[in-house]
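As structure tokens, the structure follows; a few thoughts come after it.
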Amino acid sequence: MRWTLLPLALIAAALYLLAPGASNRPAGAAEGGARRAPTRQVADDAASLELKRQQLADRGAALNAKEEALKRISASLDAKVSELNAAKKAIEGSLATKKKQDDERYKKMIKIYKGLKAEQAATLLNKLDDKLVIEMLNQMDQKTAVKLIPLITQPRVLEWTRLNLNGK
């Protein structure tokens, strides 16, 4: 029996010496030192995990704050877009009203020029701005325009003809 215990004792001693951290163990430290190292490792791991958890919580809080800021900015932009759309509609309405008023004024002026003799109307038209004369000729009926064309200066008549043929 002594011979059977001897190989077992040798194997146990070899395992003890070859175990991790065996070279760092003091001579008298058997099991007490082996328990302290894993406890320290667990404590270090727990501290590391707690630090990472805190960092993640901080990142989450920062992200939530940024999301709230983005929501406020988005709401502000939506309000400004609505305001601009309302202003755009108001401007479009004003432009439509102005165009309607301008058209009515042109029609009144054309009626006045239509009531004049052709020579008198042409004399007055020749004193007006080219763009205005061309616009008035565009608004006139064909019969009135035919009477005025020979009496209006030729460059204006030619410009009016070019614009009408080009579709402008």
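Every number here is computed from the coordinates shown, using simple stated rules; none is lab data. Worth saying up front: this structure is predicted, and the values here are computed from it rather than measured. Heads up, the Cβs are rebuilt from the backbone with ideal geometry, glycines too, and the neighbour counts pull from every protein chain shown.
Annotations
- Applying a threshold of 19 Å to the alpha-carbon distances of Lys107/Lys143; Lys99/Lys147; Lys100/Lys143; Lys99/Lys127 flags Lys99/Lys147; Lys100/Lys143; Lys99/Lys127 as lying beyond it.
- Simple Cβ-charge dipole of segment 38-97, Lys/Arg +1 and Asp/Glu -1, about Cα centre, in debye nearest 20: 140 debye
- Overall form of segment 116-168 per C-alpha gyration tensor (a/c, 1.5; a/b vs b/c): prolate
- Partner lysines for Lys66 [C-alpha distance under 30 Å; skip if fewer than 8 residues away on the same chain]: Lys52, Lys80
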